[in-house]
Amino acid sequence: MKLVELHSVRHCYGKLQALHDLTLSLNEGEVLGLFGHNGAGKTTTMKLILGLLRASAGQVSVFGASPQQAKVRQQLGYLPENVSFYPQLTGLETLRYFARLKSAPSVQVEALLEQVGLAQACKRKVKTYSKGMRQRLGLAQALLGKPRLLLLDEPTVGLDPIATRELYAMIQQLREGGTAVILCSHVLAGVEAFIDRAAIMASGCLQAEGTLSELRSQVGLPSLIRVNG
Ligand code: ATP
């Protein structure tokens, strides 16, 4: 069974058609890189998979069911592009708060803080965290409830090269543990090593899809995507 299947999906925001007949799938345990310039439709695609938007036409299926169903949503983790936290809460309080919202077991909180390298800093207020630390806290939040599928929307925007490498190393570990991931990005640099397939979007359409070596030989990746940041 495919973990995610989008078949001829269209999405309109009023008169603006953001997605045009998008057909895309994800296999169990796979990391899919979703690439494209600003406005290509990456976030809209993620929101349809998350059940935050409904398709104007076509079918979206996640774990063989509609993403509107609570049992599907419970198995999804999401790190949005601009994650915001209460600045006065500590990292620990923040994650406990999200654990309650998601009905995730509280025992996961400390293990996740350790996993994302925030165990030492978890009693500090989030307002004192660097951007990289906030993104790692965002990743921990997305991992509450041990999701089967993790959706990451441009998780390294604004991060310096070290923080970017740290975050990618964490995603790579998750992949090794069998978590499926959809990762949106503008650039390929840094993710080549761990994505299984890439889907390249432009103006709401899928331009190309396949493994990186397929895309390199068939269509010439640099013409479709910024290879470096
Ligand atoms: P970016 O890299 O800038 O985040 P993206 O590839 O994620 O872009 P989307 O955010 O999915 O692209 O946007 C696709 C199109 O839909 C764009 O033209 C955008 O302006 C439009 N759009 C997105 N959200 C809305 C909204 N809530 N209302 C109206 N139009 C929207």
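The values are calculated or read from the model by the stated rules, or taken from the named source; none is laboratory data. Keep in mind that this is a model prediction, so the values were computed, not measured. Cβ coordinates were reconstructed from backbone atoms using ideal geometry, including for glycine residues, and neighbour counts include every protein chain displayed. Each accessible area value is taken on the protein alone, full model and side chains, heavy atoms only, with ligands, DNA and RNA left out. Shrake-Rupley method; radii C 1.70, N 1.55, O 1.52, S 1.80 Å.
How do 100-108, 60-68 rank on mean C-beta neighbours within 10 Å, highest first? Can you show the working numbers first?
Working: 100-108: 13.1, 60-68: 16.8.
Top of the packing list down: 60-68, 100-108.
Split the accessible area of the chain by element, probe 1.4 Å, and carbon with sulfur accounts for 50%.
When peptides 195-205, 168-178 are ranked by their average number of other Cβ atoms within 10 Å per residue, the highest-first order is 195-205, 168-178. Per residue, the average separation of C-alpha pairs within less than 8 Å and at least 6 apart gives the chain a relative contact order of 27 percent. Nearest 5 is fine: what % of DSSP beta bridges in segment 70-182 come out antiparallel, could you say? Bridges in segment 70-182 are about 10 percent antiparallel.
Each of the peptides 8-18, 30-40 was scored by the mean count of other Cβ atoms within 10 Å over its residues; in descending order, highest first, they stand as 30-40, 8-18. Calculate the length of the line joining the C-alpha centroid of segment 1-44 to that of segment 189-212, in whole Å. Spelled out, the Cα-based centre of one part sits 12 Å from the other. Look at the Cα gyration tensor of segment 105-190: its axes a ≥ b ≥ c give a/c of at least 1.5 with a/b at or below b/c, and that counts as oblate. Listed values for segment 73-86 are Karplus-derived 3J(HN,Hα) couplings in whole Hz (6.51 cos²θ - 1.76 cosθ + 1.60, θ = phi - 60°), namely 4, 4, 9, 10, x, 9, 10, x, 4, 10, 7, 10, 10, 6, and x replaces Gly and Pro.
Summing -39500 (n - 2.57) over the DSSP H runs of n ≥ 4 in the chain and dividing by its residue number, what mean residue ellipticity at 222 nm do you reach, to the nearest 500 deg cm²/dmol? Mind dumping the intermediate values first?
Details: 8 runs with 72 residues, N = 229.
That calculation yields -9000 deg cm²/dmol at 222 nm.
Summarising the amide proton neighbourhood of Asn27: residues at separation of 5 or more, or on other chains, whose placed amide H is nearer than 5 Å comprise Leu3. Computed with a 1.4 Å probe over protein heavy atoms only, the accessible surface of the chain comes to 48 Å² per residue. Under 1.5 on a/c is rounded, so check that first for segment 50-209, then, if it is not, pick prolate when a/b is larger than b/c and oblate when it is not; a ≥ b ≥ c are the square roots of the alpha carbon gyration tensor eigenvalues. Here segment 50-209 falls in the oblate category. If a/c stays under 1.5 just call it rounded; otherwise compare a/b with b/c (prolate if a/b is bigger, oblate if not). Do that for segment 1-131, with a ≥ b ≥ c from the square roots of the Cα gyration tensor eigenvalues. Cα axes put segment 1-131 in the prolate bin. Within the chain, antiparallel bridges make up roughly 50 percent of the DSSP beta bridges whose residues both belong there.
Each residue of segment 146-161 was assigned a 3J(HN,Hα) from its phi angle through the Karplus curve 6.51 cos²θ - 1.76 cosθ + 1.60 (θ = phi - 60°); the sequence is 6, x, 7, 9, 10, 10, 10, 9, 6, x, 10, 4, x, 8, 6, x Hz, with glycine and proline shown as x.
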